[in-house]
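A.B. asks: This structure is in structure tokens; I'll ask about it shortly.
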Amino acid sequence: MERSTANSYLYPAFFLSGASGLIYQTVWVRMLTRFLGSTTPAIATVLCVFMGGLALGSYWGGKIADRRTRLLTSYAWLELAIPVLGLLASFAVISYFGRFYVGIYPTLADSPWALLTARVLLAIACLLPPTILMGATLPILVAAVTRLGEHFQTGVGRLYALNTFGAVVGVFATGFVMLGELGERASLCVAALLNIIAALIAFQLAKRLGQSGAVVTTLEQPPAVVGVPYAPGVRSIARLALFVSGFTALAYEMLWTRMLVLPLETSIYAFSFMLGVFLFGIGLGSWLSTRFRSAAERPLATFALIEILIGLATVAGMAIFPSFEIIVWAEVPMQFAARFLVSFLLVFPLALLFGWQFPAAVRCCVSDAAKPGKDMGSAYAVNTVGAIAGSLVAGFVLLPWLGLANAMIALAAANVALGVVLFAVTPSAERGRLTLAAAGCTVLFAVVAFTVGDPYLTVVRERLARTWNRSDIEIYSYDEGVAGTTVAAGAAQRPRVRSLLINGVGMTSLVSETKLMAHLPLALVDDPRRFLVICFGMGTAVRSASRHPGLEIDSVDIVPHVFDCFPYFHPDAGSITAMPNVRLVSDDGRNFLLVNDEQYDGITIDPAPPLYSAGTVNLYSREFLELCKRRITKEGVVCLWLPPAPKSELLMIMRTFVNVFPGASLWGSLHYPGFFLTGGHKSFAQTDASIESVARRLAAIPDLTEWEPLYGSEATLKRLFLLNPEGLEKVVEGVSEVTDDKPYTEFPMWRGMFTEDGRNVFSANQVREALEGSRIEPDGGVAR
């Protein structure tokens, strides 16, 4: 069989394998962080264990690749074993060890290191077996294609590229279609099916080759397909450079994700697009490197020059980043597509360079032309370990210590310095005219790096000025923390002109609706003692709750710096946080409820906007609301705030709330017409008398009229009530609920494109107008 014919089997198989790998990764991160919390350390733990498994698998696969004769059969069995262990981890292991972690959490809560150890062990138990198998596939296939006569560097480049292209498809399919339409479990089954198809393809190829032809089974490798190895010292430097390259690649991915959240915002589509573009650039670069003879003939010089170009491309992207803000704010057709185009133009060139250098870098590490599998496996492992270190150091050290801009410049400088070192050890005959190009790029990098400034802060300043249409907006606090970039800003002469931005997205404002988040549920409970606020924000709900004497108040927010910003929004913040009955906790709100069994008389939830923000669905799902129900007293109430949003999304959340709290009622604010869903163990079917009683309680609270006097009128406050349980049930009849497995509201794109309810904003005023227009069904439901 010709080599090209064999490749026509292997390339599609490895493409499918790459797609399945990213599907598994995406879903596993979601499933595990529901036990560990959606905090940055928890997510980093899961991703590091996933990549660590790939590194171990690559090293192990490389060790066995050069010793085995039936490589295609070995690869096929790996592809069959991956879905077995992957589905076992997904449907049994994660759930079992997750519950075990929750059970032991109280005994570990006072020891951060013990908690970290428990998280790592949980992730290892769930993910390490299948990811080791995933990592072993690349070196085994590289060894197989080189035995078929493929040039080693070409084989690495093409296989790595096709696997990465498959990963791109996996990212886009999962993030844009499967999770939103099929759900998590079905997506995992699709991933398993892809592995099985890849295995069948490999088995078929092995059968056609007969597994007896010398071209496939021999351990003797023609040196011509690898090339003459470099000297040991050069190979050591190349391996170190490959580690640094992996380090900077993942660090850049993390930092550019933080940067590009400004134009892309925080939707799951933005994150999927970013990851997809980065992977596509790497895959295309790896493929293109096989099309040019210079990379194969001068691998070390190519590696060196590309390292310098990576540094230059980084600072060049930073320099032009602020100029794209005008596109983001422009009122132009297809603005959403324009935002994605901006991100593509900034990230794609960098990813292309990383992909281009990888085959050359691996070739520089080869020590034995007859055993390329071992060197391939160890080189890929070194690169992956570097990537793990880069993601950790960038997120937990560089970003909080240096800031986003300085961290990116430092990484770019490391790439340039690494390129210079590689050029210094490159044989003179291999350098040629590339030396002049490298010198010019190095000088240009130095000029741009010293003049680039802080593009993120520049854009934030411009955005705040546009938002408020004022030139006197000051930034009071700018913190580039592990959990997010937090900005507190305002106008000194206008106390209510205040903004809280997390990763460039406005969280809330000083409006009375945030006061009602505390006062409304507390007015529905007789003699409340304990109250929980999930999502602290500007702290208005906690401040309002503190006006109730004797009330113990807990508040949780995933971004710790918001607590430090409290005084910028409320002058009396210091006296409130000093109260012995007020406790502020930095944690994921859902995880806080999961690992603590305190009982509350009221829980109010104000999820981060927008409604489709990545991770926000964890506070809308049935499983979360059931958890809330378990954490309230028999007379307690859960209050969920919903901003005006597309009707299809709001109705699904309301449907879910009603399924968990059958006696739920619907309230609506007046100035900013969002919704308050209230429910508990008992029915909240409000009578005229009970509504008047609630209105009386609210009108007697001075805090509620601090900003808007209209909330002091009992007649006005009675209009907050919209629907009793029967009316609410009528409105959500036939609507699907939101679950962890089917997180519909995080994926609204197709409903927004093809359904009217997915486009049109639904607000409390629409319900109120329908009610006050006498369009009410006999059972209390609004006419549809």
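A.B. asks: Out of the residues in the stretch 281-317 that are among the hydroxyl-bearing types (Ser, Thr, Tyr) and part of a helix (DSSP H, G or I), which is farthest from MET254 (Cα to Cα)?
C.D. replies: SER294
A.B. asks: Can you find even one residue in the stretch 144-167 that is within 25 Å of GLY210 (Cα to Cα) and in contact with a Leu (Cβ under 6 Å, 6 or more places away or on another chain)?
C.D. replies: Within the stretch 144-167, one or more residues are within 25 Å of GLY210 (Cα to Cα) and in contact with a Leu (Cβ under 6 Å, 6 or more places away or on another chain).
A.B. asks: Identify the residue in the stretch 679-732 that is more than 42 Å from the chain's Cα centre (by Cα) and under 24 Å from PRO662 (Cβ atoms) and, among all such residues, is surrounded by the most Cβ atoms within 10 Å (Cβ to Cβ).
C.D. replies: Checking each candidate, the answer is ILE691.
A.B. asks: Kindly list, by first and then second residue, each pair from a residue in the stretch 441-454 that is surrounded by 12 or more Cβ atoms within 10 Å (Cβ to Cβ) to a residue that is in a loop (DSSP other than H, G, I, E, B), limited to pairs with Cβ atoms under 9 Å and residues at least 6 apart or on different chains.
C.D. replies: Close Cβ pairs satisfying both conditions: ASP454/GLY403.
A.B. asks: When you check ARG119 against the structure, is it open to solvent by 10 Å² or more (accessible area, probe 1.4 Å), of a type outside the set (A, V, I, L, M, F, W, C), within 30 Å of VAL366 (Cα to Cα) and in contact (Cβ under 8 Å) with a residue 12 or more places away in the chain, yes or no?
C.D. replies: no
A.B. asks: Give just the number: which of (1) in a loop (DSSP other than H, G, I, E, B); (2) of a type outside the set (Phe, Trp, Tyr); (3) touching a helix residue (DSSP H, G or I) at 6+ places or on another chain (Cβ under 6 Å); (4) over 25 Å from PRO610 (Cα atoms) does GLY550 not satisfy?
C.D. replies: So GLY550 meets the others, but not (3).
A.B. asks: Counting only residues that are part of a helix (DSSP H, G or I) and among the hydroxyl-bearing types (Ser, Thr, Tyr), which one in the stretch 249-280 is nearest to ALA361 (Cα to Cα)?
C.D. replies: TYR252
A.B. asks: Can you report the number of residues in the stretch 595-615 which are closer than 20 Å to LEU36 by Cβ, open to solvent by less than 30 Å² (accessible area, probe 1.4 Å) and polar (S, T, N, Q)?
C.D. replies: Result for the stretch 595-615: 1.
A.B. asks: Hey, another quick one. So, in the stretch 667-695, of the ones that are assigned to a helix (DSSP H, G or I) and among the polar types (S, T, N, Q), which residue ends up farthest from LEU771 (Cα to Cα)?
C.D. replies: The selected residue is SER693.
A.B. asks: Tell me, yes or no, whether the stretch 395-407 has at least one residue that is more than 24 Å from LEU262 (Cβ to Cβ) and either touching a residue at least 12 places away in the same chain (Cβ under 8 Å) or among the hydrophobic types (A, V, I, L, M, F, W, C) (or both).
C.D. replies: No, that holds for no residue.
A.B. asks: In addition: Determine which single condition LEU698 fails, assuming it passes every other condition in (1) without any contact (Cβ under 8 Å) to a residue 60 or more places away in the chain; (2) over 20 Å from SER613 (Cα atoms); (3) part of a helix (DSSP H, G or I).
C.D. replies: (1) is the only condition that LEU698 fails.
A.B. asks: Does any residue in the stretch 726-743 that is under 12 Å from MET654 (Cβ atoms) come within less than 6 Å, Cβ to Cβ, of a residue that is of a type in the set (Phe, Trp, Tyr) and not in a loop (DSSP other than H, G, I, E, B) six or more places away or on a different chain, and which pairs are these?
C.D. replies: So the pair list comes out as VAL738/TYR744.
This table checks each residue for (1) open to solvent by 50 Å² or more (accessible area, probe 1.4 Å); (2) outside any strand (DSSP E or B); (3) touching a residue at least 24 places away in the same chain (Cβ under 8 Å).
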| residue | (1), (2), (3) |
| --- | --- |
| ALA414 | no, yes, yes |
| GLU430 | no, yes, yes |
| LEU436 | yes, yes, no |
| ARG466 | yes, yes, yes |
| VAL487 | no, no, yes |
| PRO495 | yes, no, no |
| LEU500 | no, no, yes |
| THR508 | no, yes, yes |
| LEU516 | no, yes, yes |
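A.B. asks: May I pose another question? When you check ASN383 against the structure, is it under 24 Å from GLY135 (Cβ atoms) and either out of contact with any Leu (no Cβ under 9 Å at 6 or more places or on another chain) or of a type outside the set (D, E, K, R) (or both), yes or no?
C.D. replies: Taking the combined requirement at face value, the residue satisfies it.
A.B. asks: Please state which of the following conditions LEU10 fails to meet, knowing it meets all the rest: (1) within 17 Å of ARG147 (Cβ to Cβ); (2) open to solvent by 30 Å² or more (accessible area, probe 1.4 Å); (3) not hydroxyl-bearing (Ser, Thr, Tyr).
C.D. replies: (2)
A.B. asks: Something else now. Any residue that is modelled with pLDDT under 95, outside any helix (DSSP H, G or I), over 17 Å from ILE140 (Cβ atoms) and in contact with a helix residue (DSSP H, G or I) (Cβ under 9 Å, 6 or more places away or on another chain) - is there at least one of those in the stretch 381-395?
C.D. replies: Taking every residue of the stretch 381-395 in turn, none turns out to be modelled with pLDDT under 95, outside any helix (DSSP H, G or I), over 17 Å from ILE140 (Cβ atoms) and in contact with a helix residue (DSSP H, G or I) (Cβ under 9 Å, 6 or more places away or on another chain).
A.B. asks: I've got another one for you. Restricting the stretch 139-162 to residues that are surrounded by 24 or more Cβ atoms within 10 Å (Cβ to Cβ) and small (Gly, Ala, Ser), which is farthest from GLY62 (Cα to Cα)?
C.D. replies: Out of the qualifying residues, it is ALA161.
A.B. asks: Please determine whether any residue of the stretch 102-109 is hydroxyl-bearing (Ser, Thr, Tyr), in contact with a Ser or Thr (Cβ under 9 Å, 6 or more places away or on another chain) and part of a helix (DSSP H, G or I).
C.D. replies: So the first thing to find is which residues in the stretch 102-109 are hydroxyl-bearing (Ser, Thr, Tyr), and the list is 105, 107.
Add one more test, that the residue is in contact with a Ser or Thr (Cβ under 9 Å, 6 or more places away or on another chain), and what stays is none.
Within the stretch 102-109, none of the residues are hydroxyl-bearing (Ser, Thr, Tyr), in contact with a Ser or Thr (Cβ under 9 Å, 6 or more places away or on another chain) and part of a helix (DSSP H, G or I).
A.B. asks: Also: Is it true that ASP472 is within 25 Å of ALA699 (Cβ to Cβ) and surrounded by fewer than 16 Cβ atoms within 10 Å (Cβ to Cβ)?
C.D. replies: Spelling it out, it is not the case that ASP472 is within 25 Å of ALA699 (Cβ to Cβ) and surrounded by fewer than 16 Cβ atoms within 10 Å (Cβ to Cβ).
A.B. asks: Return the residues of the stretch 546-603 that are within 24 Å of ARG622 (Cα to Cα), free of Cβ contacts under 8 Å to residues at least 40 places away in the same chain, of a type outside the set (A, V, I, L, M, F, W, C) and in contact with a Leu (Cβ under 9 Å, 6 or more places away or on another chain); say none if nothing qualifies.
C.D. replies: Scanning the stretch 546-603 gives SER555, ASP557.
A.B. asks: Still on this structure: Can you find even one residue in the stretch 744-759 that is more than 17 Å from LEU642 (Cβ to Cβ), open to solvent by 40 Å² or more (accessible area, probe 1.4 Å) and at pLDDT 95 or above?
C.D. replies: Scanning the stretch 744-759 turns up no residue that is more than 17 Å from LEU642 (Cβ to Cβ), open to solvent by 40 Å² or more (accessible area, probe 1.4 Å) and at pLDDT 95 or above.
The values are calculated or read from the model by the stated rules, or taken from the named source; none is laboratory data. Small disclaimer: the values here were computed from a predicted structure and weren't measured. For neighbour counting, all protein chains shown are included, and Cβ atoms are generated from backbone atoms with ideal geometry for every residue, glycine included. Please note that ligands, DNA and RNA were not included when accessible areas were found on the heavy atoms of the full protein model with its side chains. Shrake-Rupley method; radii C 1.70, N 1.55, O 1.52, S 1.80 Å.
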